[in-house]
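None of the figures in this text is laboratory data; all of them are computed from the coordinates on show. As the structure is a prediction and not an experimental result, all values here were calculated from the model. No Cβ is skipped: glycine too gets one built from the backbone with ideal geometry, and neighbour counts run over all protein chains shown.
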Amino acid sequence: MVGLLQEMLKTQLYKKTQGRIVRQCTAAAVAIILFAGLYQLSNLLIQQPAGVRLGVPGVLGIVFLWFSYRIVNYPKFADFLIQVEAEMRKVSWPSRAELINSSIVVIVVMFFLAALLFGYDLLIKEVLEWIGVIGKSIFQGLGIFS
């Protein structure tokens with residue numbers, strides 16, 4: 001815990017030329033999440049005087065900005081983010097046409113499977129009603145699916 005606190009108080013960057021894009025995006029995402037919490041805090045403090053309502057979230061905002069800047073430079077986390085960026089450069093991204101074709105196939109298969117499962121469900125329901133395991137459904141009482 002002492003090591004983390006000491007790391008948060010440093011000002012230099014850890015391996016500043018490596019993994020810049022992933023680190024910047026991660027720091028921005030952490031800051032956005034923390035500021036969403038500050039927004040909710042300011043809504044909770046709406047009854048308080050203006051100094052408290054603006055001061056507490058303001059001070060915490062500065063602390064959170066520093067935290068989001070420093071957390072991406074914590075050596076273990078920074079090394080992880082550097083490795084993430086290196087792996088992302090190895091990824092073979094699909095072309096626009098491949099992406100569209102793959103998306104169409106997935107959507108069509110999902111609709112087919114939904115219709116198939118709906119059919120199986122109706123079949124099983126009819127068989128169970130025929131053998132007397134279940135009675136008329138609530139939908140039939142309402143005039144739906146009769």
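Before moving on, here are some points about what is shown:
- Amide hydrogen neighbours beyond the local backbone of GLY19, cut-off 5 Å, H modeled: none
- Principal-axis tilt of helix 50-71 within the chain, Cα atoms, nearest 10 degrees: 90
- ILE124 paired with ALA36, simple spin-label distance in nm, labels 7 Å along Cα-to-beta-carbon: 3.6
- The structure shown yields volume of the Cα convex hull per residue in Å³, and of the options (i) 118; (ii) 301; (iii) 99 that calculated value carries the label (ii).
- The angle separating the long axis of helix 75-90 from the principal Cα axis of greatest extent in the chain is about 50 degrees.
- Cβ crowding within 10 Å averaged over residues, with 62-72, 90-100, 27-37, 124-134 ranked highest first: 62-72, 27-37, 124-134, 90-100
- Cα-based helix-to-principal-axis angle, 20-44 vs the chain, degrees rounded to 10: 80
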